[in-house]
Amino acid sequence: MTEARPAFYALAPGGWRDYVTLLHPPYTAWHLSYVAIGAALAPELREGRLVAAAAAFFLGMGVAAHALDELNGRPLATRIPERVLLGLTVVSLAGAVAIGIAGAVEFDLWLLVFVAVGAMLVPAYNLELFGGAIHNTMGFALAWGAFPLLTGYFACAETISWVALLAAGFAALTSYAQRVLSSPVRHARRRVAAVSGVLELRDGTREPITHELLYGAQEQALQLLAAAHVCLAAALLVLGLT
């Protein structure tokens, strides 16, 4: 039998644990690391702007997008009431937009373009608007990989350079890899009721097909990649601050 948990980071359902699960902790940390990487690559690392950008993405992506996703089909099987999920979506997205507008007024009105794109991406991606045009692997890579990195860079540099674009390519490609790895894992965890069968090896031995054999390697790779991105972001921040 496959595990009942809808994700490797999902806690037992109920109470405060549902809210931790809702945040997708390793993936939220992974994608917030793109904001930090972008800011650290700017000619000058501006700590206050980085904190504001990271806070905006935590609210918009970590909370609002995930709450809206849970509201649309309950993929994590939490028991959070619909009205609470809707409230989290609206309040968190409004908070993210407010932070972005404040930053734009403070130092560069061009930041409003990033604010508008981010505010549009949350409902467009998670509710599969426009016929699901961006709710796919490429859309995920650009929306939650390249976009956070470019925003973090612009927040500190007030421009977009070739360095930023190349780094955005890195973020898009690694986010693409995340989606390629996680799609079969989500399918197995959330849709497959049971696993059976055996592998017959060339030496005549047989191995049972288990959930670990089915998607264990992909899941371990996802955990390692999440940790690796956080380490890379931390290293670049230390470099920029020293």
message: Tell me the residue from Ala143, Ala164, Ala124, Ala188 that is assigned to a helix (DSSP H, G or I), in contact with a Phe, Trp or Tyr (Cβ under 7 Å, 6 or more places away or on another chain) and within 17 Å of His24 (Cβ to Cβ), please.
response: Ala143
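Please work out if His31 is of a type outside the set (Ser, Thr, Tyr), under 15 Å from the mean Cα position of the chain (by Cα), surrounded by 15 or more Cβ atoms within 10 Å (Cβ to Cβ) and at positive phi. I'd like the intermediate steps shown before the answer.
Working: of a type outside the set (Ser, Thr, Tyr): yes; under 15 Å from the mean Cα position of the chain (by Cα): yes; surrounded by 15 or more Cβ atoms within 10 Å (Cβ to Cβ): yes; at positive phi: no.
Here the answer is no, as His31 does not meet what is asked.
Quick grid of which residues meet (1) under 28 Å from Leu71 (Cβ atoms); (2) modelled with pLDDT of 95 or more; (3) out of contact with any strand residue (DSSP E or B) (no Cβ under 7 Å at 6 or more places or on another chain):
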residue	(1), (2), (3)
Val117	yes, yes, yes
Asn126	yes, no, yes
Gly132	yes, no, yes
Trp144	yes, yes, yes
Ala167	no, yes, yes
Leu173	no, yes, yes
Pro184	yes, no, yes
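So is Leu214 more than 15 Å from the chain's Cα centre (by Cα) and exposed (fewer than 14 other Cβ atoms within 10 Å of the Cβ) or not? It would help to see each step written out before you state the result.
Numbers: more than 15 Å from the chain's Cα centre (by Cα): yes; exposed (fewer than 14 other Cβ atoms within 10 Å of the Cβ): no.
No: the conditions fail for Leu214.
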statement: Only unsatisfied item for Val122, checking (1) under 24 Å from Leu237 (Cβ atoms); (2) among the hydrophobic types (A, V, I, L, M, F, W, C); (3) in contact (Cβ under 8 Å) with a residue 60 or more places away in the chain; (4) in contact with a Gly (Cβ under 8 Å, 6 or more places away or on another chain), is (1)
message: Return the residues of the range 34-69 that are part of a helix (DSSP H, G or I), surrounded by fewer than 24 Cβ atoms within 10 Å (Cβ to Cβ) and either within 11 Å of the chain's Cα centre (by Cα) or not aliphatic (A, V, I, L, M) (or both); say none if nothing qualifies.
response: Glu47, Gly48, Arg49, Phe58, Gly62, Val63, Asp69
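Taking the range 191-242, which residues are hydroxyl-bearing (Ser, Thr, Tyr) and assigned to a loop (DSSP other than H, G, I, E, B)?
Restricting attention to the range 191-242, the residues satisfying the condition of being hydroxyl-bearing (Ser, Thr, Tyr) are 196, 205, 210, 215, 242.
Across the range 191-242, the qualifying residues are Ser196, Thr205, Thr210, Thr242.
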message: Just checking, does the range 84-95 include any residue being buried (at least 20 other Cβ atoms within 10 Å of the Cβ) and either aromatic (Phe, Trp, Tyr) or not in a helix (DSSP H, G or I) (or both)?
response: no
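The values are calculated or read from the model by the stated rules, or taken from the named source; none is laboratory data. On a predicted model such as this, the values are computed, not experimentally measured, just so you know. Using ideal geometry, Cβ is built from the backbone for each residue, glycine included, and neighbour counts are taken over all protein chains shown.
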